[in-house]
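To keep things clear, I will list the structure first and then write my remarks on it.
The values are calculated or read from the model by the stated rules, or taken from the named source; none is laboratory data. This is a predicted model, so every value here is computed, not measured. FYI the Cβ positions are ideal-geometry reconstructions off the backbone, even for glycines, and counts take in every protein chain you see. All accessible areas refer to the heavy atoms of the entire protein, side chains included, with ligands and DNA or RNA removed. Shrake-Rupley method; radii C 1.70, N 1.55, O 1.52, S 1.80 Å.
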Amino acid sequence: MYNRCGDYMKKLQLSVRDLVELIYGSGSISNLKDLKNRANEGTMIHNFWQNQYLESDRKEVVVKDTFTNEAFELSISGRIDGVLYRDESYVIEEIKSTHIDFDLLDETTTPSHLAQAKIYAYIFAKNESLDVLEVWLTYIDVKTKNTKQLKNVFSLSELESFCKETIELFFDWQEKLLEHEEERLSSIEGLKFPFDKYRFNQRRMMAVIYRNIVAKNVAYIEAPTGLGKTVASIFSALKAIHQPRQKIFYLTAKNDGKRTALETIRLLEEEGLKAKTVEITAKDSVCLLDKRDCDPKVCPFANGYYSKVFKAIEDIFVNESKFSRKIIDYYARKHTICPFEFSLDLSNYSDIVICDYNYVFDPIVHLVRYFEDNVYQPIVLVDEAHNLVSRSRDMYSATINKASFEKFLEIAQYLKPNPTFQVKEIIKMFSDAEKKLEKVDFIREYQIDDLLIHKLKVLLVKFDDILSNEKLSIGKDDIQDLYFQMNRFIKISDYYNEEFVYLIEREKDDCLISIKCLNASGFINEVIDDYLESIVFFSATLKPIDYYKNLLTNNIGKFSAFSSAFKPSNLLVLAVDNVSTRYHDRTQSIPRIIDTLKAMIAPKKGNYIVYFPSYYYMKQVQKKAFEEIENVHFITQTRDMSGLERNEVMNQFSENPNETQVFMFVMGGIFGESIDLVGELLSGVLIVGVGLPGLSHYNNVLKSHYDLEFRQGFDYAYTYPGLNKVIQAVGRVIRTESDKGIAILLDDRFTMRKYLKLYPNAWNHLEVCNDPQDIEDMTRSFWQSK
């Protein structure tokens, strides 16, 4: 792509600071005291020191220079903090704010600081034809304003040698990146689909995705399980890449989705794809400590991170193509660096980024380098897009609670500076709010309490001072938790508009104040318009499409639905519609659930799942089932299952169990979707209830808001989210074209016209069957016919 003989050179632009931090990066991952806004702090210190300059001194002096080799033309630029004239000689001064004890500060503490000053000095000396130049590195203690200056004198030849050595190191790295980029683009051009045959409708779906990306549009794709959405979307996106280093973000909320994406990349690599793929996993999940503590004094993987990470990046980049969680863990241990921060840094050199939705859309945790800068223009693929409606609302919501401040008050008096007064002021505001809850336990208000926001900001400043205390030894977890809680609340308040509501509510003995987003589509659209090349939302369940388009992209985007070659006769769908599972009818419904379950499992030994709308309801049925159903092994989901516990449950699914196994799960939970139970691993599901979200004050607020905005309040707040959980649960039965199984829908609402018209086409043969014996007979006949 680029002529290495010099006819064409790749042009690069970089700040001096970014250059030296890449090559000479140093320092540790920020600990608690560094949570404050360093940019504001640095500006304050610079102004303080520069205000003491002589009239003849110059500040913020812009310098720039260009360096070339056979492949690159690099332009670097920056601002010198101070150009001084002392004792008939020029001085280049670089100013740095610090909290570090001066006894621990020398030129090796943060090598990038002196490197930055030396490159500034070289450019200035060359421009001014100076043979010798003095360089001052001035450290200023943020709290005391005391200073420590590290003074050096360099000849022009010394500065030139250092600068050229730095540039060569940078060019060597860029050579590796350029070589990979040329291989990547060439491999994409010749890349073949990794299977001999396309699945039914798969090629049509790929064409729609490709055309959408090329046209820079928004697309919604509904395709059933088994159609190959993952490989179709990734392959099409790769083929649509048209500029160097353009990235694909593959967003998925589940670990199973990440594994499927990584497996797809592996298949494409076997066909010749040359690409770097990174998997980003939540910080707590990948932390190498028993208990996460990012203080460099505690965590060896945070300590000195920036002085080690570039070597680690070079190492993994040269030796690996897929930076999976497991591979990142290996190299993080090898180089003693934080695996989470390592994955974020690797994303800068990756072609495909596999991560959760929040790294793109969350206003606080999104990857700033890609979604606050319109240079990158990535292609975004959103897997299981139906989940993004509720997730996006959560991303723009925040809550603070009285109990957290009361708990913090217990340690406040031992902190310096003492924040007791500010904490008590906020607790008083909670108490005043509680007075409004004397006769109700929930109040909706239309405007944020600006005084509360102000007091939170004041306390946050006090927290900054506390966190700057090197001797902080107590309450670190409490301080961190409350800091982030307040910080999020303040930041979300900046987004408040007519799509939000301000809530005060009682929860047991606590008082909660929340800023709740009711519709985040405007913010999602802003990200799409400003920073993305194109976006594709895909899922097996995107009906009614207006619901998703209205709540994700303000009704923008084209919808396409594709069917599979799956034979509807392979799925027996029955509805038991003479029983109610509404909250007040649940006790009476239990015998019918037991009878239906017995009838479903009697004809065939296998694995079955019963999905419930709540844990309490599930426990009620479980107790009765234990008493009445013999020779069956029951496995029940519990609250807050760990990843290990989830895997233990999944491992109990076997193709030929010695006895029938009945798994009892909650709809919409960790077992409600994204679990693949192919073939004999699952014989049938019983769906108890229509999956409506629980009646709550917040859901009723959503209902009222959607009534005004879309005139479909109950459906938007309750019906559609519930039905989505039902369809996802039934989808566990049929994972491939050859799978066979049973789905029984138990609730009188399942045969209402509103529901019938929303069901997938594969359910068109649904039959009503209310007698347990008839259910058993139909089930037996179904299995015998197969």
In Å, the C-alpha Rg and Dmax of the stretch 162-259 are 17.8, 61
Per DSSP, loop trypsin sites (Lys or Arg not before Pro) in the stretch 644-735 with at most 10 further Cβ within 10 Å: ARG711
GluC sites (Glu not before Pro) within the stretch 350-445: which are DSSP loop residues with at most 10 other Cβ atoms inside 10 Å? GLU438
Taking the Cα-to-Cβ direction at GLN50 and at VAL214 and moving 7 Å from each Cα, how far apart do the two end points lie in nm? 5.0 nm
Would you work out if the stretch 542-612 is rounded, prolate or oblate? Take a ≥ b ≥ c from the square roots of the eigenvalues of the alpha-carbon gyration tensor; rounded if a/c is under 1.5, else prolate when a/b is larger than b/c, oblate otherwise. oblate
For ILE80, distant residues with modelled amide H under 5 Å away: VAL61, VAL62, VAL63
Extending each Cα 7 Å along its Cβ direction at GLN13 and ASN651, get the distance between those two points in nm, one decimal. 5.5 nm
Is it possible to state the helix-based mean residue ellipticity at 222 nm for the chain, with each DSSP H run of 4+ residues giving -39500 (n - 2.57), the sum divided by total residues, to the nearest 500 deg cm²/dmol? What is it? -13500 deg cm²/dmol
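Taking 0.36 nm per intervening residue step and subtracting the Cα-Cα distance, what contour gain separates TYR446 from SER155 on full extension? Present the calculation step by step, with values, prior to reporting the outcome.
Values: separation 291, 0.36 × 291 = 104.76 nm, distance 6.58 nm.
Gain on stretching TYR446 to SER155: 98.2 nm.
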Report for the chain the percent antiparallel among DSSP-assigned beta bridges with both residues inside it, nearest 5. 35 percent
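Compute the relative contact order of the stretch 695-761 as a whole-number percentage, counting only Cα pairs closer than 8 Å that sit 6 or more residues apart in sequence.
Dividing the mean separation by the residue count of the stretch 695-761 yields 17 percent.
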Heavy-atom accessible area per residue - the stretch 318-437, 1.4 Å, Å²: 40 Å²
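Excluding ligands, DNA and RNA, what is the solvent-accessible area per residue of the stretch 634-771 at a probe of 1.4 Å, expressed in Å²?
Working: 5720 Å² over 138 residues.
Here the residues of the stretch 634-771 average 41 Å² of exposed surface.
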At 1.4 Å probe size, put GLU630, GLU55 in order of accessible surface, largest to smallest. GLU55, GLU630
Given 0.36 nm per residue, what is the gain on full extension from HIS242 to ALA282 after removing their alpha carbon distance, in nm? 11.3 nm
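With a 1.4 Å probe and every protein chain kept in, tell me what percent of the accessible surface of the chain is carbon plus sulfur. Write down the numbers at each step before the final one.
Working: 16700 of 35500 Å².
Taking all protein chains in place, the chain shows 47 percent carbon and sulfur surface.
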Among (1) 36.5; (2) 30.0; (3) 30.8, which is the computed Kirkwood radius over Cα pairs in Å? (2)
Low-density loop cleavage sites - chymotrypsin sites (Phe, Trp or Tyr not before Pro) in the stretch 288-331, where at most 11 other Cβ are within 10 Å (DSSP): none
What nm value, rounded to one decimal, do you get for the distance between PHE421 and ARG639 when each label is placed 7 Å out toward the C-beta? 4.1 nm
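Dipole of the chain, Cα-centred, from +1 at each Lys and Arg C-beta and -1 at each Asp and Glu C-beta, to the nearest 20 debye? Don't skip to the answer; put the middle values down first.
Working: 99 positive and 115 negative charges, 450 e Å.
Approximately 2160 debye in magnitude.
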Going down the table (LYS10/LYS297; LYS192/LYS258; LYS145/LYS516), which pairs top 32 Å between alpha carbons? LYS10/LYS297; LYS145/LYS516
To the nearest whole percent, what portion of all C-alpha pairs in the stretch 24-159 is separated by more than 28 angstrom? 21 percent
Towards the positive end of the charge dipole of the chain, with charges on Cβ (+1 Lys, Arg; -1 Asp, Glu), say which of SER28, TYR250, ALA540 has the farthest Cα. ALA540
If you plug each phi of the stretch 580-597 into the Karplus form 6.51 cos²θ - 1.76 cosθ + 1.60 with θ = phi - 60°, what whole-Hz ³J(HN,Hα) values come out, in order, with x for Gly and Pro? 9, 10, 4, 3, 6, 10, 5, 4, 5, 7, 4, x, 5, 5, 4, 4, 5, 4
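Dividing the Cα convex hull volume of the stretch 262-378 by residue count, how many Å³ per residue is that?
Numbers: hull volume 14.0 nm³, N = 117.
Roughly 120 Å³ of hull volume per residue.
Please report the equivalent ellipsoid semi-axes of the stretch 83-200, computed as sqrt(5 x eigenvalue) of the Cα gyration tensor, largest first, in whole Å. Mind showing how you got there, number by number?
Numbers: eigenvalues 426, 94, 21 Å².
Ellipsoid half-lengths, sorted descending, are 46, 22, 10 Å.
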Taking only the alpha-carbon atoms of the stretch 660-786, what semi-axes of the equivalent ellipsoid follow from 5 times the gyration tensor eigenvalues under a square root, in whole Å, largest first? 30, 17, 13
How large is the charge dipole for the stretch 506-631, taken about the Cα centre, if only the Cβ atoms of Lys, Arg (+1) and Asp, Glu (-1) carry charge, to the nearest 20 debye? 600 debye
Normalise the Cα radius of gyration of the stretch 49-97 by 2.2 N^0.38 Å (N = residues in it) and let me know the number. 1.50
To the nearest 0.05, what FRET efficiency results for VAL678 and GLU41 with a Förster distance of 60 Å applied to their C-beta separation? 0.60
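Could you give the dipole magnitude of the stretch 51-108 about its Cα centre, charging the beta-carbon of Lys and Arg +1 and that of Asp and Glu -1, in debye to the nearest 20?
Working: 6 positive and 15 negative charges, 65 e Å.
Value, rounded to 20: 320 debye.
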How high is the relative contact order of the chain, in percent, counting Cα pairs under 8 Å that sit 6 or more residues apart? 13 percent
